[in-house]
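J.: Here you go, one structure.
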There are 4 protein chains.
Amino acid sequence: MDKKKFVAVIGGNQPSPQEARLAEEVGRELAKRGAILVCGGLGGVMETACKGAQSEGGVTIGILPGESRQAANPYVQIPIVTGIGYARNVAVVKSAQAVIAIGGSYGTLSEISHALQSGIPVIGLNTWSLSRNGQQDNSIILAQNPTEAVNRALNLTTN
Amino acid sequence: MDKKKFVAVIGGNQPSPQEARLAEEVGRELAKRGAILVCGGLGGVMETACKGAQSEGGVTIGILPGESRQAANPYVQIPIVTGIGYARNVAVVKSAQAVIAIGGSYGTLSEISHALQSGIPVIGLNTWSLSRNGQQDNSIILAQNPTEAVNRALNLTTN
Amino acid sequence: MDKKKFVAVIGGNQPSPQEARLAEEVGRELAKRGAILVCGGLGGVMETACKGAQSEGGVTIGILPGESRQAANPYVQIPIVTGIGYARNVAVVKSAQAVIAIGGSYGTLSEISHALQSGIPVIGLNTWSLSRNGQQDNSIILAQNPTEAVNRALNLTTN
Amino acid sequence: MDKKKFVAVIGGNQPSPQEARLAEEVGRELAKRGAILVCGGLGGVMETACKGAQSEGGVTIGILPGESRQAANPYVQIPIVTGIGYARNVAVVKSAQAVIAIGGSYGTLSEISHALQSGIPVIGLNTWSLSRNGQQDNSIILAQNPTEAVNRALNLTTN
């Protein structure tokens, strides 16, 4: 398993129906390509991405914020129980070699930030865009669809 | 000391000269108003803010990422040594009742995100602006100058 | 405030009456000697130690595990809100230059362990004793009473 | 994979030759029994346990303290990069349903403590023993050999 690529899928726990479909497709595509899916282990985008990956025989890791493995969505095969709350967002992205962000709220934005801070590539599908002091920041790589997002993520995996 | 307000000042460790001046003025103003300054304890905006606060007799807290209190800037009076790396960004904002962001890079953006996720007000001076899925997000409250930033922060302190 | 010594007082949240008295006396003694008290911010030993320190005009810091400053005991003047659960035990001891352990259960034992791992001296009052592979480990320095504990802690402060 | 049992193997990074043999045998035995091995991902007991598990086709997870997956020992198949330093000790034990401690120093003792605090069973091989306030604490279940340790761990898995 040790030559496999690890890709995080991040996004909100209350996705729109379209975001949920994107996440499931990203999960399926990652599994077909042999990548291991890392996520925050809970519901919404995290769950549909895991569901997609599992449907194609992929491996899914959920890095949970709370104290119990019971909180993991049913498609997480490897629950990591951190007990450190939102600080686990750092571990979600650092455990991946590339990150795919789908929609999402401020928790997702914190994960995008931590990834960019660590030099881990972030591919975005319908997610945040950033500008700093009036200037557009183009660090989030935009993808038009799940297949493109997965292609870019796998081509950009670092470390 | 227990009725005092706690305000975090966040921003990069390589500020522009203008950002450094803004930070120092924010620090001075917080101290004059009796607020306690919380920051990440290192250099740049964190240091000049602490310097400003100390010059007016204010109390300064630095929540450090590393393993040693020696890393604190010389104006931190109360160093908290977390040893948890960038995950300490969560503690910086959660320990405050309002946050003032000055410039900053992705680490600052992660702190802004964690604050907004926790419902802690964020006041911005020359910092990030956000849009989500093409729509402007106005959660960061813009201030024109340090005095306005401090006024707004103290008026909005929560919890 | 920056030349002051930081000493952590650790112990259980359900101390015996004797342990509570020891903690209060340790807090008073630390304050009289000008040291700043660091603790986990909650009840039991943490609270009575803070109460003792406050009664002598000392400064008290509570490094909290949860998401809210409201959880701090009423004698904590500087609440640090980490949101990282029991992992905050590491920050409690790392933020101190010496540790005084009074009674306590497994949480206290984890703090003793993290302190010893980091080379921070631990002084014990009615607390854990350790042996490894059948051999007594004497790293916890035994004190007979609060005054001796505080003397030893202040003499041994590191970093 | 989701019905599998997760067992942490903890111990020092400088084990005696005997401890290293015990760790490797524990790893092999866990893999034979279909359990997933969780550890801190570094050298010593962590590495020889992973080596043993991998030799029998088992799955190995390493929950790393630092910022890089490169620090994982070569037998870790699933590196989790936390970036939170020693606070990751909490995640190592919370991610397991039982813990086997082999030898070890203060880091191992902190993991034993965090496990007992969370009600996760700890089985010991040549490791720490504890007494509190003069009374022996028998919470660490003693095993005579690796097979007994693994049997007890698998019988006691919780949550």
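The values are calculated or read from the model by the stated rules, or taken from the named source; none is laboratory data. Please read all numbers here as calculations on a predicted model, not as lab measurements. With ideal geometry, Cβ positions are generated from the backbone for all residues, glycine too; neighbour counts draw on all protein chains shown. In case anyone asks, the SASA skips ligands and DNA or RNA and just uses the protein heavy atoms, side chains included. Shrake-Rupley method; radii C 1.70, N 1.55, O 1.52, S 1.80 Å.
J.: How would B:Leu22, B:Leu125 rank on accessible area, largest to smallest, probe 1.4 Å? Write down the numbers at each step before the final one.
T.: On the way: B:Leu22 25, B:Leu125 0 Å².
Sorted descending by solvent-accessible area, the residues read B:Leu22, B:Leu125.
J.: Return the average number of partner chain Cβ atoms within 10 angstrom of each residue Cβ along peptide A:91-100. Intermediate values should be presented prior to the final figure.
T.: On the way: counts 10, 3, 2, 14, 9, 2, 2, 0, 0, 0.
Partner Cβ neighbours, averaged per residue: 4.
J.: Could I ask something else about it? Per Stokes-Einstein, at 37 °C and 0.692 mPa s, what whole-number D in µm² s⁻¹ belongs to chain D, with the Kirkwood radius over Cα pairs as the hydrodynamic radius? Please report the intermediate quantities before stating the final value.
T.: Numbers: Rh = 14.9 Å.
The diffusion coefficient I find is 220 µm²/s.
J.: Moving on to the next point. For peptide D:124-133, compute the average count of partner chain beta-carbon atoms within 10 Å of each residue's beta-carbon.
T.: Working: counts 1, 1, 3, 2, 7, 9, 6, 4, 10, 10.
So the per-residue partner count for this stretch is 5.
J.: Then there's this: Can you work out ³J(HN,Hα) from phi for every residue in the stretch C:58-72, in order, using Karplus 6.51 cos²θ - 1.76 cosθ + 1.60 and θ = phi - 60°, giving whole Hz and x for Gly and Pro?
T.: Rounded to whole hertz, the list is x, 9, 10, 10, x, 9, 8, x, x, 9, 9, 5, 4, 6, 5.
J.: A further question follows. Which distance in nm do the two modelled labels at C:Ala71 and B:Ser68 give, with both placed 7 Å along the Cα-to-Cβ direction?
T.: A separation of 3.1 nm, rounded to one decimal place.
J.: Going down the table (B:Lys51/B:Lys94; B:Lys4/D:Lys94; C:Lys94/D:Lys5; D:Lys51/D:Lys94; A:Lys32/D:Lys5), which pairs top 31 Å between alpha carbons?
T.: B:Lys4/D:Lys94; C:Lys94/D:Lys5
J.: Choose one answer from A:Gly119, A:Gly27, A:Gly43: the residue with the largest mean-square fluctuation in a GNM of chain A with alpha-carbon springs under 10 Å.
T.: Ranking A:Gly119, A:Gly27, A:Gly43 by mean-square fluctuation puts A:Gly119 first.
J.: Once you order the gyration tensor axes a ≥ b ≥ c over the Cα atoms, which shape class does the protein assembly as shown get: rounded for a/c under 1.5, otherwise prolate or oblate by comparing a/b with b/c?
T.: Since a/c reaches 1.5 but b/c is at least a/b, the shape of the protein assembly as shown is classed as oblate.
J.: Amide H neighbours of A:Ile36 under 5 Å, counting only residues 5+ apart in sequence or on other chains, H built in-plane at 1.01 Å?
T.: Those lying under 5 Å, H to H, from A:Ile36 are A:Lys5, A:Phe6, A:Val7.
J.: Restricting to bridges with both residues inside the stretch B:2-159, how much of the DSSP beta-bridge set is antiparallel, in percent to the nearest 5?
T.: DSSP beta bridges in the stretch B:2-159 are roughly 10 percent antiparallel.
J.: Which cross-chain or sequence-distant (5 or more) residues have an amide H under 5 Å from the amide H of D:Arg132, H modelled 1.01 Å from N in plane?
T.: HN-HN under 5 Å from D:Arg132: C:Ser129, D:Asp137.
J.: Next up: Calculate how many DSSP beta bridges within the protein assembly as shown are antiparallel, expressed in % of all such bridges and rounded to the nearest 5.
T.: Working: 22 of 106 bridges.
Counting only bridges with both partners in the protein assembly as shown, antiparallel ones make up about 20 percent.
J.: Moving on to the next point. Cα centroid distance between the stretch B:124-154 and the stretch A:1-70, in Å?
T.: So the two Cα centres are separated by 33 Å.
J.: Still on this structure, I have one more. Sum up the charges of everything whose Cβ sits under 11 Å from the Cβ of D:Gly85, counting Lys and Arg as +1 and Asp and Glu as -1, but leave D:Gly85 out.
T.: Combined, the nearby Lys, Arg, Asp and Glu give +1.
J.: Hey, what do the phi angles of the stretch B:78-95 turn into as Karplus ³J(HN,Hα) couplings, whole Hz, using 6.51/-1.76/1.60 and θ = phi - 60°, x for Gly and Pro?
T.: These are the phi-based 3J(HN,Hα) values: 10, x, 9, 9, 8, x, 10, x, 5, 5, 5, 4, 4, 5, 4, 7, 5, 7 Hz.
J.: Where does the charge balance sit around C:Pro65 when Lys and Arg score +1, Asp and Glu -1, over other residues with C-beta under 14 Å from its C-beta?
T.: +1
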